[in-house]
Amino acid sequence: MTTQTDYTDATQATGEAIIELEEVDKFFGDFQALKGINMRVGRQEVVVVIGPSGGGKSTLIRCINRLEKHDNGRVVVDGIDLSDDVRNIQEVRRETGMVFQQFNLFPHLTVIDNVTLAPRQVRKLPKKDAEALAMQMLTRVKIPEQARKYPGQLSGGQQQRVAIARALAMQPKVMLFDEPTSALDPEMIKEVLDVMIELARGGMTMIVVTHEMGFARAVANRVVFMAEGEIVEVGTPEHFFTSPQEERTKLFLSQIL
Amino acid sequence: MSVETPVFEELTVEVEPARGPMDWVRKNLFNTWYNAVLTLAIAAALMLALLALARWLVGADFEIIRVNLRLFMIGGFPADQLWRPWASTYLIATMVGVVAGSLAAGARDRASEAGVPLIGTTFGQIVLRFWPIIALVVIILAFTTTITPALLTIGAAAAGLGSYYLGRALPRTVRRWTWLIALILLVGAYLALAGFGGVGWESWGGLQLNLFLTVAGIMFAFPLGLLLAMGRRSSLPVIRTISVGYIEFVRGVPLITLLLAGAFALGFILPRDLRPGLVTRMLIAITLFEAAYIAEVVRGGFQAVPAGQVEAAQAVGLAPLKTMRLIVLPQALRATIPAMVGQFISLFKDTTLVAILGVTELLDATFIVNSQPDFLGKGLFVVTLGFAGLVFWVGSYTMSRESRRLERRLGVGER
């Protein structure tokens, strides 16, 4: 197997790793979802993860904020080693924002309450400051006018943008996106991708599981192709469009492009 | 299933111009010959039943209720202490008023924040909303022999209304403490009955006892049930096993068994000085029983909360307890309102079971008055049981209506 060495691409990013995965294994019962993953992500780098479903993409990013516990190897986020220490886990979660395929907004809270919840409860910001921060984030995702509505009253695209604002309100150093546009109607995908592109251009470190190759071409520093729990191929977006090396990569790309 | 046909037709002709009531009758009640026969037969049966009921109501002897009304309401509460139940009633009316007013003010503020026009409540709507209770109070007052109870009742209603407006006028900072005000008033209502030389619950009876056992049972069983439900989901095997074992044991036993165990076994186990009174033991048995059922209801609610909610809360760094309190519980409890209220309704009715241990609650009182010399052998069970049935129906039906109302209102924020 000719897995490319995946050291941090220093050309566009700062060259300093913020996420490091070393020989990470993850099992679900007998099924091995991740097989000895090695990966480093640099500060301000944007990494797009593609690959067939069941290939371990979601599991990979869920191990980075401990929604899944890795079984072997090391996961280090911004110098914090993810061990069983609850304080470390909480600290890593404060530094990473996550956006889910199904939005997972809190349906019993208004949009603004969704966004202020964590700043108030975790960062202990006073209500006024938290709301000012939330409005700033909602403006960034271009829906400040929906602040007093409930998630159920918004379209899918609007909900996903609220979810992005909710994650940003914790002022994370890393943003993880787990197929953020897969549950959206086609006409709403662009509004979400636009917000993500702006975020990337603003210098946010991002790991994005998506099949939106247009997004990858626009802002990704690297694309990682995963299948069967392994990293099969790593390269620039251009590399994947023009000269993918592995058979599995070619087959997969022929199906989605 | 021929009866379904008219309903279906009614749905499909919605676009037609409005027609008179006679058209509706023809279309729905007399559209086929057998429907016409059914309509006439049911109408005749209804008429006969109503006629019989009216004739019975006119002819029945309600003296037994008039004489025993106080026994039905408050059991053997000392006659020279009657100011106590009234004082308690006033405090509870005040509590209900303040809480309702405070909630209304909260809704008003939220609506204005969201820029949504607020639909105000008119007096007529309140009457419509609580008509069963109002009707019951009027019926009960009709059985009183003096004007005093009616005047005092009007006074209590006025106190409730006044404190409603007071609750609405409270500034936001004070409103945050409404629960504390309510608690103080509730304790005050109890002290008005039992404190300072009053009568403790061990000697209560009648409807007052049923209401006490229901409210106290809910107040104690709810937190315990919540803990059991959480225990059942705990990752610690010991806690999980204890919770599951407790729930399954209690649910496998009839309430009467627990009441008997409370009356006798608890009496044996505890030394004489520590032994609580009979009613207290009944309350403990009811609480332990209800907690197991509430735990199962809450568990159903937990299952209705998608796993993604917990993940999203974890992802923003919320600690487990806060995730439970701020994210899971509000959604889980919302999903369980119908089942929970159903549980409360059956608790209200189950409080009559303490009668088998000689505690004179309302149902028992309506039974034993038939042995009074004046009424013995007159066959007035129908009258007294009818009265008890009416009281329980009004209580249960009101709870059921309020639960549906709450469901509709909370539905606003649903996904």
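For the reader, a short list of remarks on this structure follows.
- By the count of other C-beta atoms within 10 Å, a proxy for reagent exposure, B:246, B:293 are ordered fewest to most as B:246, B:293.
- Charges were assigned to the Cβ only: +1 to each Lys and Arg, -1 to each Asp and Glu. The resulting dipole of the range A:109-237 about its Cα centre is roughly 820 debye.
- Residue-normalised convex hull volume from the C-alpha trace of the range B:346-403: 73 Å³ per residue.
- Lys, Arg +1 and Asp, Glu -1 on Cβ, resulting dipole of the range A:181-226 about Cα centre, debye, nearest 20: 320 debye
- Shape analysis of the range B:153-197 yields a ratio of the Cα radius of gyration to the Kirkwood radius, Rg/Rh, of 1.07.
- Using alpha-carbon coordinates, inclination of helix A:86-95 to the longest axis of chain A, degrees: 80 degrees
- In chain A, the longest principal axis of the Cα atoms and the axis of helix A:111-121 are about 80 degrees apart.
- Principal axis box of the range B:108-252, alpha-carbon based, largest edge first, Å: 60, 52, 32
- Each listed q (0.10 Å⁻¹) maps to a log10 I(q)/I(0) for chain A, found by the Debye formula over equal Cα scatterers with no solvent: -0.48.
- Shape of chain B, Cα gyration tensor, a/c cut at 1.5: rounded
- What the Cβ-Cβ distance of residue B:157 and residue A:241 gives, at R0 = 56 Å and to the nearest 0.05, is a FRET efficiency of 0.15.
- By the beta-carbon count within 10 Å of each Cβ, the least crowded to most crowded order of B:89, B:39, A:181, fewest first, is B:39, B:89, A:181.
- Extension gain, residue B:393 to residue B:242, is 50.7 nm, computed as 0.36 nm per intervening residue step minus the present C-alpha separation.
- Neighbourhood charge, 10 Å Cβ-Cβ cut-off, centred on residue A:95 and excluding it, Lys, Arg +1 and Asp, Glu -1: +1
- For peptides B:356-366, B:194-204, sequence by mean Cβ density within 10 Å, most packed first: B:356-366, B:194-204
- Taking other C-beta atoms within 10 Å as the exposure proxy, B:234, B:102, B:371 rank B:371, B:234, B:102 from fewest upward.
- Kyte-Doolittle mean at least 0.0 and Cα axial length at least 15 Å: DSSP H helices in chain B: B:33-59, B:63-74, B:83-114, B:131-142, B:148-169, B:178-194, B:206-233, B:237-251, B:278-303, B:337-350, B:381-410
- Placing one equal scatterer on every Cα of the protein assembly as shown and applying the Debye formula, the log10 ratio I(q)/I(0) at q = 0.12 Å⁻¹ is -1.27.
- Counted over the protein assembly as shown, the DSSP beta bridges are approximately 55% antiparallel.
- Rounded to the nearest 20, the Cβ-based charge dipole of chain B about its Cα centre (Lys and Arg +1, Asp and Glu -1) stands at 1020 debye.
- For a label point 7 Å along the Cα-to-beta-carbon line of residue A:86, residues of the range B:291-332 with backbone N under 15 Å: B:314, B:317-325
- Among B:267, B:308, B:395, the largest mean-square fluctuation in a Gaussian network model of chain B (Cα springs under 10 Å) belongs to B:308.
- Summed residue charge, Cβ within 12 Å of residue B:326's Cβ, Lys/Arg positive, Asp/Glu negative: +2
- Degrees separating the helix A:247-256 axis from the principal Cα axis of chain A, which is the longest one: 40 degrees
- Efficiency of FRET between residue B:249 and residue B:134 - r from beta-carbon atoms, R0 56 angstrom, step 0.05: 0.85
- Cα lying deepest toward the dipole's positive end in chain B, options B:217, B:69, B:98, charges on Cβ: B:98
Only the coordinates and a few stated rules stand behind these numbers; no lab work does. Bear in mind the structure is a predicted one, so any value in this text is a computation, not a measurement. Neighbour counts run over all protein chains shown; Cβ positions are idealised from the backbone, glycine included.
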